[in-house]
1. Between Thr86 and Leu25, what length in nm is gained on full extension when 0.36 nm per residue of separation is reduced by their alpha carbon distance?
2. Relative to the present Cα-Cα distance, how much length would full extension add between Ala265 and Ala141 at 0.36 nm per residue of separation?
3. Taking 0.36 nm per intervening residue step and subtracting the Cα-Cα distance, what contour gain separates Ala181 from Arg128 on full extension?
4. Note down the nm distance, to one decimal, between modelled labels 7 Å out along Cα→Cβ at Val254 and at Ala157.
5. Using only the Cα atoms of the stretch 21-95, build the gyration tensor, take square roots of its eigenvalues as a ≥ b ≥ c, and label the shape rounded, prolate or oblate: rounded if a/c is under 1.5, else prolate if a/b is larger than b/c, else oblate.
6. Once you put a point 7 Å from the Cα of Gln190 and another 7 Å from the Cα of Ala101, both along the Cβ direction, what distance in nm separates them?
Amino acid sequence: MEHIAATSVDDRELRAQVLEVIQGLIPFDAYAFLLTDPKTAVGCSPVADVPDLATLPDLIRLKYLTPVNRWTRLPTSGCATLQQATSGRLEESLFWREHLAGLGILDVVSVVFTDRYGCWGFLDLWRRDGRFTADEVGALADVRPAITCRLRRLQAAAFAATDVPSGYRGPGALVLSPSLAIRAQTAQTQEWLAALVPPQGGRGPVPASAYNVAAQLLAIEAGVDAHPAQARVHLGGGVWLTLRADRLDGPERVEQRDIVVTMEASSPSERHDMFSRYHGLTGCETEVMRHLADGLRHPHRRALDVDQRAHSCRITSRRCSPRPLRRVGVNCSQSRSAGEHPGRPELEPARVTV
C-alpha cells in the first residue's frame with residue numbers, strides 16, 4: 001500500500017489502486033471513496049461503485065444526516081464498522097434503516113483520512129456477506145496514515161500546474177428540491193460538473209459533488225454537523241472550484257424550500273488557505289506566503305512588505321523553518337553580499353498557482 005501511495009500520479013488513480021489492493025485482502029460489495037475539503041470536511045470528487053445511481057441523491061442525503069459512524073465523528077483510530085458503532089443494532093443508523101437494509105448490506109466499514117492540517121477524504125466499504133473482522137479493521141487503520149499523506153501531497157502538487165487554461169469560465173448554479181432532485185441548472189453548470197466527475201458510458205455528468213454540498217446544508221439544519229456547506233476541489237490545470245449550498249428565499253418553511261448550489265472559480269484567499277494546508281505550512285509560513293502572493297500581483301507596492309514579513313518571521317519564530325518554503329518553490333537563502341541586510345531571506349517567486 002505504501003508503494004502505491006508513493007507512485008500514483010493523481011488522486012483518482014491513487015484511490016482506484018488503493019481499492020484494488022483492499023479488495024484483494026478485504027472483500028466488499030460496494031464502495032464510496034471521496035475527497036473532502038480539508039477545512040469543512042464536505043465530500044467532493046467521488047470514486048464510487050454503488051448498486052443504483054438513480055438513488056444517489058437519497059444515498060448522499062441519508063449519509064450526511066446520519067450521526068452513526070459519520071466520518072466527522074469516527075474514533076481516534078479513524079476507522080470503525082457499523083456493527084461496532086451500533087453494537088449489532090443496525091436499525092439505530094438512519095442510513096441503514098432507510099437505504100442499506102433494502103440492499104441487503106450487513107456491515108459498513110468507514111475510514112476517514114485526517115491529519116493536523118485537515119480532513120482529506122473518507123472511504124466507506126459495504127458488505128452483504130457478514131461483518132468486517134477486527135483484523136480487517138486493524139489493517140485499514142494501519143495503512144490510513146500513508147494514504148492520508150499521499151492524498152494531501154497529490155493535491156499539493158496540483159498547485160505546480162504550468163498549463164493553466166486561459167479564458168473566463170463563469171459561475172454555475174444548480175437548483176435542487178428538498179429531496180435533492182434536480183429542478184434547473186445554468187449552462188455553465190454542465191461544464192463544471194463534467195470536469196468534477198467525467199461522464200462515463202454515454203451518460204451526462206453526475207452532480208455528486210453538488211449533492212454532497214446540499215446534503216451538508218441539510219445536516220446543518222438538522223443539527224448533525226456544523227461545518228459550512230462548502231467544498232473546494234481541484235479540476236485540473238491549476239483550476240480550483242468552490243461549491244456552496246443555500247436555501248432559496250420564499251414563503252414556505254425552510255425545509256420545504258429549494259436548494260441552490262453555486263459553482264465558481266475559487267477566490268485567491270480560498271486558494272491560499274488550501275495551499276497552506278496541502279503543504280503543511282505553519283501559521284508564520286502561511287503569512288509569508290500570503291504576502292508573497294500579494295507581492296506577485298502588486299510587485300511595486302508589496303515587494304518590500306513581503307521581504308519585511310519574511311524577515312520578521314525568521315527572527316520571531318523558531319518554528320518557521322525555511323525548508324517548507326523551499327519545498328513549495330521559494331528560495332529563502334541567507335543574503336551574504338556586501339551592502340545587503342545580513343540574515344534577511346531572499347524570496348524568489350514560487351512556480352505555483354495560488
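No value in this document is a laboratory result; all are computed from the given coordinates. Keep in mind that what you see is a predicted model, and the values were worked out from it rather than measured. Every residue, glycine as well, gets a Cβ built from its backbone with ideal geometry; the counts of neighbours run over all protein chains shown.
1. Length gained, Thr86 through Leu25: 19.5 nm.
2. 41.1 nm
3. 16.3 nm
4. 4.3 nm
5. rounded
6. If labels sit at Gln190 and Ala101, their model points lie 4.1 nm apart.
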